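Q: Sharing a structure, written as structure tokens. Questions coming.
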Amino acid sequence: MSTTNNNIWLFGDSFTAGQPEDPPAASLSWFRQVHAKISQTLRKDIDLHNFSATGSSIEYTFKNILQAIPHMQPGDFAIFQLTQSSRRWFVKDRPDWGNIHMHEGYNLHDIKPVVTAIDMYKEHLQDDLNDQALYQSFIGFCNYIASIKRLRYVIIPGFPEAHIEGIPVMPHVEVLGNLTKISTEEFGSDPDEHTNLWKQIMIKKWQGCDQRLNHLSPENHEQVAYRVYETLMTGMKLDLISGFKKDCVNLDNWKETNKGNIYNHVLSIDEDGNVRDPDGDIVNTMQASHWWEAMKK
């Protein structure tokens, strides 16, 4: 891991997970735009280190931050994107199975006692207060590391988690909203409307494989990139609520969404919404989400 240049350290889940370099849309990701903007502003090479993984948990992100700490330098940039508090890293070689409430995840594990143990955890042990204790502690950890390493940083809520009144996400920067709200309102600004349309498109058309790059439209990638960049460079508040594009994914354009994204690059979607591999065979959601890795091996 090179630390000769200044660095951008990126931690999170599928909102920040890198896509393959091949699809043209990969360069449109909001965090790649932030990288480009900072490099241009400073007129120097900035190395981007992306530790994000789709479906991952707080524990997985914590492990990656520990790995990065020895290489962080004063003046580096860091983006900590918070994932869902309920996710858990139970299967160590599959951090992408952190969302234990998602269909087609840990239940595909070959060792069925592991599946049963996680089922029992969900039914008998998972507790909202414990989840929030981990979540709030992790926020404190991110702020502490940024402080002692003298980083220019931002903490971005990925989901609408409960925050403690009077205790901000960051001590000196106001952070409003979350990435999930931006993402879901692309299906409609009315909650009932976007929930119904989301089900029709995400489940029935896309078979659970979000065709949007990092769950956002290109226009909202630009908005997130601009705001994160401004927060990192000036310390201004991060507003993830106002001014974002809404009602832009519908039943007329769902097949056209982010044509350069990984799933359309390696796979295809037929008229019935089935995800197919290059041989034309139907693959399921988890196969699709890891298809690129399989193709590279």
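The values are calculated or read from the model by the stated rules, or taken from the named source; none is laboratory data. Source: prediction; values computed, not measured. Note that we place each Cβ from the backbone using ideal geometry, even for glycine, and neighbour counts take in every protein chain shown.
Q: Looking at segment 79-130, which of its residues are within 23 Å of residue 142 (Cα to Cα) and of a type in the set (S, T, N, Q)?
A: Residues satisfying the conditions are 81, 83, 84, 85, 86, 99, 130.
Q: Over 21 Å from residue 61 (Cβ atoms) and crowded, with 19+ Cβ neighbours inside 10 Å: which single residue out of 155, 182, 201 fits that description? Lay out the reasoning, then the answer.
A: Values: 155 fails: over 21 Å from residue 61 (Cβ atoms); 182 fails: over 21 Å from residue 61 (Cβ atoms).
It is 201.
Q: Given the residues 82, 48, 42, which is the only one that is out of contact with any Ser or Thr (no Cβ under 6 Å at 6 or more places or on another chain) and over 12 Å from residue 16 (Cβ atoms)?
A: When all the criteria are applied, what remains is 42.
Q: Taking segment 191-230 only, how many residues are of a type in the set (D, E, K, R) and under 22 Å from residue 30 (Cβ atoms)?
A: 6
Q: Which condition number in (1) modelled with pLDDT of 95 or more; (2) over 21 Å from the mean Cα position of the chain (by Cα); (3) part of a loop (DSSP other than H, G, I, E, B) is the one that residue 84 fails?
A: The single condition residue 84 does not satisfy is (2).
Q: Please indicate, with yes or no, whether at least one residue in segment 113-129 is in a loop (DSSP other than H, G, I, E, B) and closer than 30 Å to residue 79 by Cβ.
A: yes
Q: Within segment 33-58, track down each residue that is in contact (Cβ under 8 Å) with a residue 60 or more places away in the chain and assigned to a helix (DSSP H, G or I).
A: 33, 34, 37, 38, 41, 58
Q: Quickly run through segment 119-149 and pick out the residues that are in contact (Cβ under 8 Å) with a residue 24 or more places away in the chain and either more than 30 Å from residue 169 (Cα to Cα) or polar (S, T, N, Q) (or both).
A: The answer is 126, 132, 136, 143.
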